[in-house]
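Before any comments, here is the structure.
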Amino acid sequence: MPSASVVEAVLRFEDLPVGSSGSRRAVVRWSDGSEGEAIRWYGDEILVCEGDLIGKTREELRSVHFRRDRDWLQSDAREV
C-alpha cells in the first residue's frame with residue numbers, strides 16, 4: 001500500500017472571501033506532485049505557519065487544526 005502524500009512545499013497563503021468556511025488557506029505542493037489546498041482556518045482563531053505544514057499528511061494536518069481549534073475554544077482569550 002503506498003504511503004500518504006505529505007506537504008513538500010507551501011506555495012502561498014491566501015485570504016478567502018467573506019462567507020467562506022474559513023478566512024485563510026494554505027496552498028501546497030504534495031509529494032505526489034499535485035498542488036492544492038492543504039488546510040483552511042479562521043485567522044482570528046488560530047495561527048498556521050509554513051513549519052506547521054511541511055512533511056505532514058492530510059490526516060496529520062487535520063489533527064493539528066483540531067488541537068489548535070480546541071485549545072482556542074478552551075482558552076480565556078475568547079472571553080476578551
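The values are calculated or read from the model by the stated rules, or taken from the named source; none is laboratory data. Because the structure is a prediction, the values reported are computed rather than measured. Here the Cβ is made from the backbone with ideal geometry for all residues, glycine too, and neighbour counts use every protein chain on show. Only protein heavy atoms, including side chains, enter the accessible area calculation; ligands, DNA and RNA are left aside. Shrake-Rupley method; radii C 1.70, N 1.55, O 1.52, S 1.80 Å.
Just one of the listed residues (E8, E35) is in contact (Cβ under 8 Å) with a residue 40 or more places away in the chain and open to solvent by 70 Å² or more (accessible area, probe 1.4 Å), namely E8.
Kindly evaluate V18 against the criterion of being β-branched (V, I, T) and within 14 Å of the chain's Cα centre (by Cα). Quick ask: steps written out before the conclusion?
Details: β-branched (V, I, T): yes; within 14 Å of the chain's Cα centre (by Cα): no.
No: the conditions fail for V18.
Checked against (1) within 13 Å of the chain's Cα centre (by Cα); (2) not in a loop (DSSP other than H, G, I, E, B), R70 passes all but condition (1).
Of the residues that sit in segment 11-22 and are at pLDDT 95 or above and not aromatic (F, W, Y), which one is surrounded by the most Cβ atoms within 10 Å (Cβ to Cβ)? In this case the residue turns out to be L16. In segment 68-80, the residues that are open to solvent by 90 Å² or more (accessible area, probe 1.4 Å) form Cβ pairs under 8 Å with partners that are at pLDDT below 75, at six or more places apart or across chains, as follows: R78/W72. Checking every residue in segment 48-61 against the condition of being without any contact (Cβ under 8 Å) to a residue 24 or more places away in the chain, assigned to a loop (DSSP other than H, G, I, E, B), open to solvent by 100 Å² or more (accessible area, probe 1.4 Å) and not β-branched (V, I, T) gives zero matches.
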